[in-house]
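See structure below.
The values are calculated or read from the model by the stated rules, or taken from the named source; none is laboratory data. All of these numbers come straight from a predicted model, not from anything done at the bench. Note: ideal-geometry Cβ built from the backbone for every residue, glycine included; neighbour counts use all protein chains shown. With ligands, DNA and RNA removed, areas are computed over all heavy atoms of the protein, side chains included. Shrake-Rupley method; radii C 1.70, N 1.55, O 1.52, S 1.80 Å.
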Amino acid sequence: MSVPIISPAAGNIARAVRLLLDGQLIAFPTETVYGLAGDATNQEAVSAIFGTKGRPPNNPLIIHVADLNAARQLAVFDARAELLAQTFWPGPLTIVLPRGPGCAVVSRASAGLPTIALRIPDHPVALAVLGEFDRPVAAPSANPSGQMSPTTAQHVADHLTHGVAVILDGGPCRIGLESTVIGLTDARAVLLRPGGITRSEIETLIGPLAMPATTSDTDAKLAPGLLSRHYAPSRPLRLNAIDVQAGEALLAFGQSVPVGAAILRNLSPSGTLTEAAANLFAMLRDLDQDRFTSIAVMPIPESGLGLAINDRLRRAAASEPPLVADQ
Ligand code: TXA
Ligand code: MG
């Protein structure tokens, strides 16, 4: 049986909030990707999130709140965190901070770490739910662990068939890539995951960001999302392709597209990175078909949002199995 997809009419927002109060899970749209949402103060709801996604318990969840005051109740904000929050929230930025003394979020949600990842999403439906619910909401991307994040309500329904009470439909996600995750738990600010806010936008405000090595044990504990293979379609990807080989599907970018592709999707015919990001996961899903041996992806510029797009593509293309399944 499939999970009902419902419109975000006021009555349905109220219904979703009642479900959350009852300890159940819902899926809601954010500006980045759809989230699998549960009451972050409820032990059973948090356990259900891990169970429904098949997510390893050592991979902490992002906690979503409606406003900055609610965020300040949960974590210790320093000057850098205040500056980032006031500039980019609501928006596609997650800040990892030391957990606050009165933090009501259950420890399991943060995988028992002394830190907490916080974000205020910039989407009217998510903000309506968070505002009415008035408690912190744990919401990882609404996909089974190891698969690509959903950018439409139908993507959620296609892959999560139980454990979710309803899916609120807010249309396709505007950004299409997950939030940028910044670690501010010590003096060195770390870019834990490139995403919807670019590295340079953040560095302009708080100075240079350190980059963790992608697969070391220490970093894997800090942010398991850094481990190499994630966001994967089932077909292999061939990156930086300038031609199409027999049996391949082509995922193009820009105007000069090689001829002879079996099927073609173009991330952005005009070569615009924001458009490419918004299309990335949906087009990879479209091309992930049995009749293709692999998906050839044309080069994407390694600048601005291109850093996050290439990060997702490299993880999807990584040939080794995950050390720890993520997402
Ligand atoms: O855009 C997004 O961030 C979406 C929407 C739904 O908000 N959510 C999302 O959540 O992508 P998820 O669970 O798929 O990714 C959470 C990332 C993981 O890489 C996780 O390791 C990291 O955030 N994370 C969460 N808590 C952390 C913590 N305390 N310390 C370090 N990393 C943390
Ligand atoms: Mg995820």
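Which residue is nearest to ligand 2 (Cβ to nearest atom), if the candidates are limited to region 64-73 and must be part of a loop (DSSP other than H, G, I, E, B) and open to solvent by 10 Å² or more (accessible area, probe 1.4 Å)?
Taking the candidates together, the pick is ALA66.
Determine whether LEU74 is more than 25 Å from PRO144 (Cα to Cα), among the aliphatic types (A, V, I, L, M) and either touching a residue at least 60 places away in the same chain (Cβ under 8 Å) or in contact with a strand residue (DSSP E or B) (Cβ under 7 Å, 6 or more places away or on another chain) (or both).
For LEU74, the condition - more than 25 Å from PRO144 (Cα to Cα), among the aliphatic types (A, V, I, L, M) and either touching a residue at least 60 places away in the same chain (Cβ under 8 Å) or in contact with a strand residue (DSSP E or B) (Cβ under 7 Å, 6 or more places away or on another chain) (or both) - is met.
If I ask for residues that are open to solvent by less than 30 Å² (accessible area, probe 1.4 Å), within 16 Å of ligand 2 (Cβ to nearest atom) and either within 30 Å of PRO114 (Cβ to Cβ) or modelled with pLDDT of 90 or more (or both), which ones from region 229-266 would you list?
HIS230, TYR231
Checking the conditions here, which among GLY163, GLY171 is out of contact with any helix residue (DSSP H, G or I) (no Cβ under 6 Å at 6 or more places or on another chain) and surrounded by fewer than 19 Cβ atoms within 10 Å (Cβ to Cβ)?
After ruling out the rest, the residue left standing is GLY171.
Would you confirm, using the coordinates I've provided, whether ALA81 is away from ligand 1 (no atom under 13 Å from the Cβ), more than 23 Å from CYS173 (Cβ to Cβ) and crowded, with 22+ Cβ neighbours inside 10 Å? Break it down stepwise before answering.
Values: away from ligand 1 (no atom under 13 Å from the Cβ): yes; more than 23 Å from CYS173 (Cβ to Cβ): yes; crowded, with 22+ Cβ neighbours inside 10 Å: yes.
For ALA81, the condition - away from ligand 1 (no atom under 13 Å from the Cβ), more than 23 Å from CYS173 (Cβ to Cβ) and crowded, with 22+ Cβ neighbours inside 10 Å - is met.
Just to verify a result, which residue in region 137-160, among those that are away from ligand 2 (no atom under 16 Å from the Cβ) and open to solvent by less than 20 Å² (accessible area, probe 1.4 Å), is nearest to ILE120 (Cα to Cα)?
ALA153
In this structure, is SER256 free of Cβ contacts under 8 Å to residues at least 24 places away in the same chain and hydroxyl-bearing (Ser, Thr, Tyr)?
The answer is yes for SER256.
From the list ALA126, ALA117, which residue is near ligand 1 (Cβ under 9 Å from one of its atoms), in a helix (DSSP H, G or I) and either open to solvent by 20 Å² or more (accessible area, probe 1.4 Å) or touching a residue at least 60 places away in the same chain (Cβ under 8 Å) (or both)?
Matching residue, one of ALA126, ALA117: ALA126.
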